[in-house]
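The values are calculated or read from the model by the stated rules, or taken from the named source; none is laboratory data. Predicted, not measured: the structure shown is a model, and the values here were computed from it. Here the Cβ positions follow ideal geometry from the backbone for every residue, glycine too, while neighbour counts run over all protein chains shown. Quick note on the areas: whole protein, heavy atoms, side chains included, nothing else; ligands and nucleic acids left out. Shrake-Rupley method; radii C 1.70, N 1.55, O 1.52, S 1.80 Å.
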Amino acid sequence: MFSIDLKNNRAEIEIITTRALLAIAGVAAFVYADKWDYYLGVGAGLILFTASFFVKTLLDKYKINRLLLLGIAAVLTYITSGSIAIAIILIVHGIFFEFLNKKVKIELDTAALVVHYVFYKKMFYWVDLNNVILKDRILTVDFKSNKLIQSEIDEDSCDIDEKTFNRFCSEQLLNKALV
């Protein structure tokens, strides 16, 4: 009946790790600059090190794909330093976060509340819940086991009428309590 995408809260961790890896690649290009071509190494090192400071701007404002950015960084690092290990780490990091960047989705129907994570889904029956509330784009799921899930709804997610949603949840909780 209802399908909700939750906001991705991993973005800050991704920015920090991408920034650190680009800085390490830039330092590697500086360190090994005299081995191949000195000016190419210094230039690539400056580009990578500067890109590490502007990762958030590059990814959010200019909508550059993280995997593309890390792929370019891997090629520059390999060309300047000859380090295949750092290049592979950059590529694996990009693939890893692209794969894990899928949104968590919650579906509610008359039978249960189903949470779809990246690798699996978990079903919670209405009888196991105390309350489910949507207020100001924040979804709160209160369990009878004193567990609480609270998350912000993704801005790109479809607009849900809070009153209709909360009424539906209240009816399901009431119906399951009476059974």
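Structure summary
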| quantity | calculated |
| --- | --- |
| Selection from Met123, Ser145, Leu134 lying farthest towards where the dipole of the range 115-160 points positive, charges on Cβ | Ser145 |
| Alpha-carbon centroid distance for the pair the range 1-32 / the range 46-65, whole angstrom | 10 |
| Over 20 Å (Cα to Cα) - which of Lys7/Lys61; Lys61/Lys105; Lys7/Lys56; Lys7/Lys63 fall in this group | Lys61/Lys105 |
| Partner aspartates and glutamates for Lys121 [C-alpha distance under 12 Å; skip if fewer than 8 residues away on the same chain] | Glu107 |
| Mean Cβ count within 10 Å, highest first, over the residues of peptides 83-93, 133-143 | 83-93, 133-143 |
| Cross-link partners of Lys144 among lysines (Cα-Cα below 18 Å; sequence separation of 8 or more within a chain) | Lys122, Lys176 |
| Residues of the range 48-178: accessible area per residue with a 1.4 Å probe, Å² | 61 |
| Over the range 1-86, relative contact order from alpha-carbon pairs under 8 Å, at least 6 apart, % | 34 |
| Whichever aspartates and glutamates have a C-alpha closer than 13 Å to that of Lys147, once near sequence neighbours (fewer than 8 apart) are set aside | Asp128 |
| Helix runs (DSSP H) in the chain reaching 15 Å along axis by Cα, Kyte-Doolittle at least -0.5 | 11-31, 38-53, 66-81, 84-100 |
